[in-house]
């Protein structure tokens, strides 16, 4: 299939509204999953067994209702995402997209009808069990919770909730890979185009998508690496703990203070990205002014040298060499200064955030002021018992036993 047909199908004006809805749904879906992570970390892993479930949910029902609401929302959002992918890729491989869309639909139906329905039952039963006044009522609620817990713990439920959507994703990858492979002529045209020949309009969209995916993957990697460095490395360096113990401490901190840890990670990502853009803009604008000023000075000197008979070719070569030298020197020192300031700020932010929650690190950052030293009270002499000068102390203690 030609690139033009693929691109026409991908941007078919008749389905633009569906692509827009699918794209927005995908963004909201991803944001909902990110929001669920700290909520899960706060409540901890759920147990198995009806009575254990009801005791576990005491004081946690509000957070679990939030998890359930976001999870149900993500299930509904899978519908427009799956339909938009089907419309975009069905001309590439119709059969594969039909199977993949069927798996997505099956996952949505089963997840809503089985998984989250039983979670909602456990949450409701937890409230009823807490309000129960007789042992008969409590026993009935525990029996009902046993059924819901058994459904959630069954291998069949775990299989379809994990494998179903995974199969759909793998199947979608087949026509998606074919679609990407057919876009390769666009990249070949970029390198084989003659000077002055414009790039095909489709290439801009592909290039933007590639850059977006690249920065998403690289940015996620650096964010995860930075968070692990901030929370895991101090324990390894200061106490020589094992990696498992350091990760466990990070998990406990995230579980005890999920909101603050999540806000820290969010601010770190925003400040890091915004700070990097700000540093680059400042460096580039400053470099532009420096080059303008030095360029005017060099032009005046070059003009005078030209009047003295120095060839233009020689002056041009010298000017280009000096321009490159100035730019390299400024970028080297300017970027080190600017990026060093940003990195120092981000590292300080990380250390002081953890230092308030990790006493050993906090004492290193801000050592406590020791109390002024005072000499110990003098002991009384033989035969003296002066309470003001010190405690009574036997000068010739008798051995015990």
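Counting every other Cβ atom within 10 Å of each residue's Cβ, 230, 135 order from fewest to most as 135, 230.
At an R0 of 56 angstrom, the distance between the Cβ atoms of residue 285 and residue 150 translates into a FRET efficiency of 0.30. Where in the stretch 258-276 is the amide nitrogen less than 16 Å from a point lying 7 Å along the Cα-to-Cβ axis of residue 341? The answer is 272, 274-276. Computing FRET efficiency as 1/(1 + (r/R0)^6) for residue 102 and residue 26, where r is the C-beta to C-beta distance and R0 is 22 Å, gives about 0.70. Between the C-alpha center of the stretch 97-131 and that of the stretch 281-346 there is a gap of 64 Å.
Computed extension length for residue 331-residue 225: 35.5 nm, one decimal, from 0.36 nm per residue of separation with the Cα-Cα distance subtracted. In this rough spin-label picture, where each label sits 7 Å from Cα along the Cβ direction, the residue 170-residue 139 distance is 4.8 nm. Taking 0.36 nm per residue of separation and subtracting the current Cα-Cα distance, fully stretching the chain between residue 158 and residue 348 would add 64.1 nm. On a per residue basis, the convex hull of the C-alpha atoms belonging to the stretch 3-191 measures out at 128 Å³. Note on residue 35 and residue 66: their simple-model spin labels are 0.9 nm apart, each label 7 Å out from Cα toward Cβ. Shape call for the stretch 293-368 from the C-alpha gyration tensor, a ≥ b ≥ c root eigenvalues: rounded (a/c under 1.5), prolate (a/b greater than b/c) or oblate? Here the stretch 293-368 falls in the prolate category. Taking other C-beta atoms within 10 angstrom as a stand-in for reagent exposure, 308, 97 fall in the order 308, 97, fewest first. Under the criterion of Cα pairs below 8 Å and six or more residues apart, the relative contact order for the stretch 83-174 equals 44 percent. Listed peptides 317-326, 123-132, 146-155 appear in the order 123-132, 146-155, 317-326 once ranked by packing, highest mean of other Cβ atoms within 10 Å at the front.
Each reported figure results from applying straightforward, stated rules to the coordinates on display, with no laboratory input. Everything quoted here is computed from the prediction, not taken from an experiment. Counting neighbours? That spans all protein chains shown, and the Cβs are built from the backbone with ideal geometry, glycine included.
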